[in-house]
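Right, one structure below, let's go through it.
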Amino acid sequence: MIGDRLFYLAEAAAEQVQPRFAQSQDIGRLRDRLRVREAEFNPAAPSIARVYDFLLGGKDNFAADRDQAARVLEVFPHAADLAVQARRFQARAVAHVAKLGISQFLDAGCGLPTAPNTHETARSARPDARVVYVDNDAQVLSHARNLLAASGGVLAAAGDLAYPAEIVYDWRVRAFLDFHQPVCLILAMTMHFFPLD
């Protein structure tokens with residue numbers, strides 16, 4: 001029980017499964033999350049995070065991502081500018097909230113690390129800021145964990161925005177953030193991936 005909610009918790013039997021631990025309110029989803037996925041990383045298939053990285057001028061993308069970005073730009077020529085402006089807005093918003101005294105941030109759907117990262121921006125105003133990065137892309141999590149390994153006060157956690165309770169009630173997130181204090185929730189460049197029904 002976490003709060004008033006029942007969650008099932010399990011550890012994967014195979015070491016190559018990431019995340020190694022999973023929790024869910026549904027047994028079927030829990031089993032699915034712990035299955036070995038053969039093609040978790042596929043540079044031949046475009047990834048939302050890597051397409052966004054390309055639109056931001058990043059280097060962590062492949063030909064399939066650049067081709068997908070080109071198709072997006074054919075339909076919406078301002079997509080790259082939108083991505084850059086959204087990233088700048090996110091940095092301004094995080095800095096503003098940190099200056100107001102908020103020291104906890106939950107960046108859900110964070111994407112590949114790019115400068116400035118949320119924790120860097122928050123810490124420019126609040127050196128004690130704690131940041132949780134959440135994404136459902138294995139490559140994003142790998143990059144985030146490698147980049148953030150030396151940064152205290154930062155956590156990278158697997159999570160899917162389609163299941164928000166699994167993020168907010170994740171035992172690692174709850175141990176890392178104090179939900180009795182304000183938390184800034186960041187959903188930058190994510191909501192357009194969800195249908196409006």
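Among the conditions (1) part of a helix (DSSP H, G or I); (2) closer than 22 Å to Val154 by Cβ, Asp81 misses just one, which is (2).
When Ala63, Ala69, Ala79 are checked against the criterion of being hydrophobic (A, V, I, L, M, F, W, C), open to solvent by less than 40 Å² (accessible area, probe 1.4 Å), without any contact (Cβ under 8 Å) to a residue 40 or more places away in the chain and over 16 Å from Thr190 (Cβ atoms), a single residue qualifies: Ala69. From the list Gln104, Gln139, the one residue that fits, being in contact with a Lys or Arg (Cβ under 8 Å, 6 or more places away or on another chain) and modelled with pLDDT under 95, is Gln139. Determine if the range 89-99 includes at least one residue that is over 30 Å from Asp128 (Cβ atoms), crowded, with 18+ Cβ neighbours inside 10 Å and free of Cβ contacts under 8 Å to residues at least 40 places away in the same chain. Taking every residue of the range 89-99 in turn, none turns out to be over 30 Å from Asp128 (Cβ atoms), crowded, with 18+ Cβ neighbours inside 10 Å and free of Cβ contacts under 8 Å to residues at least 40 places away in the same chain. Out of everything in the range 36-50 that is assigned to a loop (DSSP other than H, G, I, E, B) and touching a helix residue (DSSP H, G or I) at 6+ places or on another chain (Cβ under 7 Å), what residue ends up being modelled with the lowest pLDDT? Filtering first and then ranking leaves Glu40. I'd like to check which strands (runs of 3 or more DSSP E) are fully inside the range 109-197 and have at least 2 residues that are open to solvent by less than 60 Å² (accessible area, probe 1.4 Å), within 25 Å of Gly28 (Cα to Cα) and not acidic (Asp, Glu). Output list reads 154-158.
The values are calculated or read from the model by the stated rules, or taken from the named source; none is laboratory data. Note that the structure is a prediction, hence the values are computed from the model and not measured. As a convention, Cβ positions derive from the backbone with ideal geometry for all residues, glycine included, and neighbour counts pool all protein chains shown. Accessible surface is based on the protein model in full, side chains and every heavy atom, while ligands, DNA and RNA are left aside. Shrake-Rupley method; radii C 1.70, N 1.55, O 1.52, S 1.80 Å.
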